[in-house]
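Input: a single structure, listed below in structure tokens.
The values are calculated or read from the model by the stated rules, or taken from the named source; none is laboratory data. All of these numbers come straight from a predicted model, not from anything done at the bench. With ideal geometry, Cβ positions are generated from the backbone for all residues, glycine too; neighbour counts draw on all protein chains shown. Ligands, DNA and RNA are stripped out before the accessible areas are found, and what is left, the full protein with its side chains, is counted by its heavy atoms. Shrake-Rupley method; radii C 1.70, N 1.55, O 1.52, S 1.80 Å.
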Amino acid sequence: MLRRLLLRSPNSISQPLPTSHQLLPPSPKVPFSAWIAAASPAGQPPSSCSHNCRLALRSLRCAAAGGGGTESQPLPNQGMAAQNEKDPRLARISSSIRVIPDFPKKGVLFQDITTLLLDTEAFKDTIDLFVERYKGKGISVVAGIEARGFIFGPPIALAIGAKFVPLRKPNKLPGEVISEEYSLEYGKDVMEMHVGAVQEGERALVIDDLIATGGTLCAAIRLLERVGAHVVECACVIELPELKGRERLGDNPLFILVSG
Ligand SMILES: O=P(O)(O)OC[C@H]1O[C@H](OP(=O)(O)OP(=O)(O)O)[C@H](O)[C@@H]1O
Ligand SMILES: Nc1ncnc2[nH]cnc12
């Protein structure tokens, strides 16, 4: 699915990485240097941002189902999300994410968070936004999805006083596991979790970098629910709304920072 035409940047690590989320190139097939020149200055949202990279800090449409937290520890609803959309940190986060067309397959617009990780302020703001939302909410487990959920999950877990549980690709965890198969935008995969890592009744947060079709997060939820945990919310840096992952999650709450 080709949603927007962007130029592919070179893979060479000697090149500075462009840090523009959803930045439209001057025209297709212009040289890479022209694309760089069109990028917004560091820390500034691209001029197209208000239209092309709408910032979204949404809680979910299923909040009414009560999945957003316990009655004593409610998570903010959509009203709070609208207020947070004005948070200036979101523009920097959005503009620090690089978009690469046709990776790993033709038609996929790949949202590359490695450029966000190079921007120390944007990376810190990303973690802070999640920590501000989840601290003091009685969450005892942060479950991070391999691979990119392993980047964002551990600092959040440490900051909110929860344990970190890795949800891994098959045959990576050495102990006894439970497994769930799931489908992806570009393939199929299996997710595994160590038996005994999460206890019945624990309150879990699921972290990943991105929701596309939602298949990955659904598999994570199934794993956690199989052992009797309560998934308080799923949280991602990026949502690709056109792939309707939010709908696939049904009543499970989803919190995201930016929309791709
Ligand atoms: O919403 P979905 O359609 O399920 O897709 C989202 C998943 O796809 C990406 O991971 P990927 O499977 O590419 O694995 P990787 O992080 O190990 O590269 C991304 O990091 C999410 O985990
Ligand atoms: N478009 C995309 N960018 C980055 N990761 C993805 N995972 C699934 N779709 C993706």
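Observations on the model:
- Checked against (1) within 14 Å of ligand 1 (Cβ to nearest atom); (2) open to solvent by 50 Å² or more (accessible area, probe 1.4 Å), Asp189 meets all criteria but (2).
- The lone exception for Ile178 - which of (1) touching a Leu at 6+ places or on another chain (Cβ under 7 Å); (2) without any contact (Cβ under 8 Å) to a residue 40 or more places away in the chain; (3) open to solvent by 10 Å² or more (accessible area, probe 1.4 Å); (4) farther than 23 Å from Val131 by Cα it fails: (2)
- Taken over segment 154-198, residues that are among the basic types (Lys, Arg) and under 18 Å from the mean Cα position of the chain (by Cα) amount to 2.
- Selection status of Phe164, in contact with a helix residue (DSSP H, G or I) (Cβ under 9 Å, 6 or more places away or on another chain) and either modelled with pLDDT under 95 or open to solvent by less than 10 Å² (accessible area, probe 1.4 Å) (or both): no
- Contact map, segment 237-260: first residue without any contact (Cβ under 8 Å) to a residue 40 or more places away in the chain, second residue of a type in the set (Ser, Thr, Tyr) and buried (at least 21 other Cβ atoms within 10 Å of the Cβ), Cβ cut-off under 9 Å, separation 6 or more or different chains; pairs are Gly245/Thr216.
- Qualifying residue in segment 107-115 (condition: open to solvent by 20 Å² or more (accessible area, probe 1.4 Å), part of a helix (DSSP H, G or I), at pLDDT 95 or above and within 16 Å of ligand 1 (Cβ to nearest atom)): yes
- Of the residues making up segment 117-125, at least one is surrounded by 17 or more Cβ atoms within 10 Å (Cβ to Cβ) and of a type in the set (Asp, Glu).
- Of the residues screened, Ala204 is one that is away from ligand 2 (no atom under 16 Å from the Cβ), part of a strand (DSSP E or B) and not aromatic (Phe, Trp, Tyr).
- Unique residue being more than 29 Å from Ile93 (Cα to Cα) and in contact with a strand residue (DSSP E or B) (Cβ under 6 Å, 6 or more places away or on another chain) when the list is Leu173, Leu254: Leu173
- Residue within segment 238-246 that is within 16 Å of ligand 2 (Cβ to nearest atom), buried (at least 24 other Cβ atoms within 10 Å of the Cβ) and outside any strand (DSSP E or B) present: yes
- Residue list for segment 147-159, filter: touching a residue at least 40 places away in the same chain (Cβ under 8 Å) and assigned to a helix (DSSP H, G or I): Gly149, Ile151, Phe152, Gly153, Ile156
- Scoring Val131 on the criteria (1) within 16 Å of ligand 1 (Cβ to nearest atom); (2) of a type outside the set (Asp, Glu); (3) surrounded by 15 or more Cβ atoms within 10 Å (Cβ to Cβ); (4) over 13 Å from Val237 (Cβ atoms) leaves a single failure, condition (1).
- Filter result for Glu185 (on the phi < 0 side of the Ramachandran plot and at pLDDT 95 or above): no
- Residues located in segment 193-218, provided they are surrounded by 22 or more Cβ atoms within 10 Å (Cβ to Cβ), over 24 Å from Ala159 (Cα atoms) and either of a type in the set (S, T, N, Q) or more than 8 Å from ligand 1 (Cβ to nearest atom) (or both): Thr216
- Scanning segment 149-159 for residues that are touching a helix residue (DSSP H, G or I) at 6+ places or on another chain (Cβ under 6 Å), of a type in the set (A, V, I, L, M, F, W, C) and surrounded by fewer than 20 Cβ atoms within 10 Å (Cβ to Cβ) gives a single hit, Ala159.
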